[in-house]
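Visitor: My questions will all concern the structure given below.
Values in this text are rule-based calculations from the coordinates and carry no lab data. This is a predicted model, so every value here is computed, not measured. Positions of Cβ are backbone-derived with ideal geometry, glycine not excepted, and every protein chain shown enters the neighbour counts.
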Amino acid sequence: MDVTQSLEVITKYRTRLIHECPAEGPMDWSPSEQEQRNHLVHMLNRMEEMLDTARFPVTNWDKFNRWLGFVQGCLWNLGEYTLNEMREHNRRPMKKVE
């Protein structure tokens with residue numbers, strides 16, 4: 001995944017969660033489903049910051065991908081997306097042949 005595709009996936013997941021999430025932030029307890037969704041929105045916001053090349057000239061892709069895997073695992077567990085749907089989100093776009 002490149003920066004553009006990563007930003008698209010972040011936006012897709014955050015949009016799906018944001019309607020049910022009045023607050024955001026990290027947590028250190030066993031969360032309710034609502035709190036899980038809030039935390040995922042917080043993580044997606046931080047992931048978007050990781051891709052800001054003005055602030056971070058070099059993206060830490062290892063950290064980004066760990067966080068993406070966590071977010072996707074939670075989204076699957078919450079029933080928001082199937083594994084096949086998320087596999088498509090991660091797939092590199094086909095290059096157009098001219």
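Visitor: Which of the lysines could a cross-linker span from Lys12 if the Cα-Cα distance has to be under 20 Å and same-chain partners fewer than 8 positions apart are dropped?
Guide: List returned: Lys63.
Visitor: Peptides 35-43, 67-75, 81-89: what's the order by average Cβ count within 10 Å, highest mean first?
Guide: So the peptides 35-43, 67-75, 81-89, ranked by packing, come out 35-43, 67-75, 81-89.
Visitor: Now for a different question. Note the listed values (i) -0.83, -0.94, -0.99; (ii) -0.61, -0.77, -0.86; (iii) -0.70, -0.86, -0.95, then indicate which one is log10 I(q)/I(0) by the Debye sum over Cα atoms at q = 0.16, 0.18, 0.19 Å⁻¹ calculated from this particular structure.
Guide: Here the calculated entry is (iii).
Visitor: Cα axis of helix 3-18 to longest principal axis of the chain: angle in degrees, 0 to 90, nearest 10?
Guide: Roughly 30 degrees between the two axes.
Visitor: Hey, if you put +1 on the Cβ of every Lys and Arg and -1 on every Asp and Glu Cβ in the chain, which of Val71, Val3, Leu44 ends up farthest toward the positive end of that dipole?
Guide: With unit charges placed on the Cβ atoms, the residue in question is Val3.
Visitor: Net charge near Leu51: determine it from the other residues with C-beta under 12 Å of the C-beta of Leu51, scoring Lys and Arg +1 and Asp and Glu -1.
Guide: Here the count lands on -2.
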